[in-house]
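Readers should treat all values here as calculations from the given coordinates under stated rules, not as data from a laboratory. If you're wondering where the values come from, they're calculated on a predicted model, not measured in any experiment. For neighbour counting, all protein chains shown are included, and Cβ atoms are generated from backbone atoms with ideal geometry for every residue, glycine included.
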Amino acid sequence: MGDADDERELAAYYDDFGRYWAHGTSPLYEDWACAIAEDAEVLRRLTALPRRQQQANLLFAAARRAGVPLHPYAEVREELLDAWDRISEISATHSTQTNEPGRAATWLPPLSRL
């Protein structure tokens, strides 16, 4: 896939993350994700990273750890770009974790009857 295709795919991922995953649970992440979906410069930088570092939750957590404040995207975009090298370093050495045991817990009562 070429760079333009990668950027389109990533834009769709961030738009989906904002509109469906963050919507109703995190207005700030919804704002950041939807704005990044339309930000060619940030998408270009994201496509230069390994795929696992392109995850929205990881990007947002790394940005926070790098000192980017929890403000609307339009207010922090320049800080995000200025901190990009640090954000890339942080995201290279960290990962996201899902709550798989918590999700599987609902299956314990029926499985215990087998």
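Once both labels are modelled 7 Å past Cα along the beta-carbon direction, what's the Ala48-Asp16 spacing in nm?
2.6 nm
What's the local net charge at Glu9, with K and R +1, D and E -1, over the other residues with C-beta under 14 Å away?
Numbers: positive: Arg8, Arg44, Arg51; negative: Asp3, Asp5, Asp6, Glu7, Asp15, Asp16.
Surrounding charge for Glu9 is -3.
If all Cα-Cα distances of segment 3-112 are sorted into 10 Å bins from 0 onward, what percent lands in each bin, rounded to whole numbers?
14, 43, 28, 10, 5, 0
Roughly how many nanometres apart are two label points built 7 Å out from the Cα toward the Cβ at Asp82 and Leu28?
It works out to 1.8 nm between the two label points.
Quote the relative contact order of segment 6-96 in percent (integer), defining contacts as alpha-carbon pairs under 8 Å separated by 6+ residues. It would help to have the intermediate numbers written out before the result.
Numbers: 87 pairs, mean separation 24.5, N = 91.
Averaging sequence separation for qualifying contacts and normalising by length gives 27 percent for segment 6-96.
Among 28-36, 4-12, how do they line up from the highest to the lowest mean number of other beta-carbon atoms within 10 Å?
28-36, 4-12
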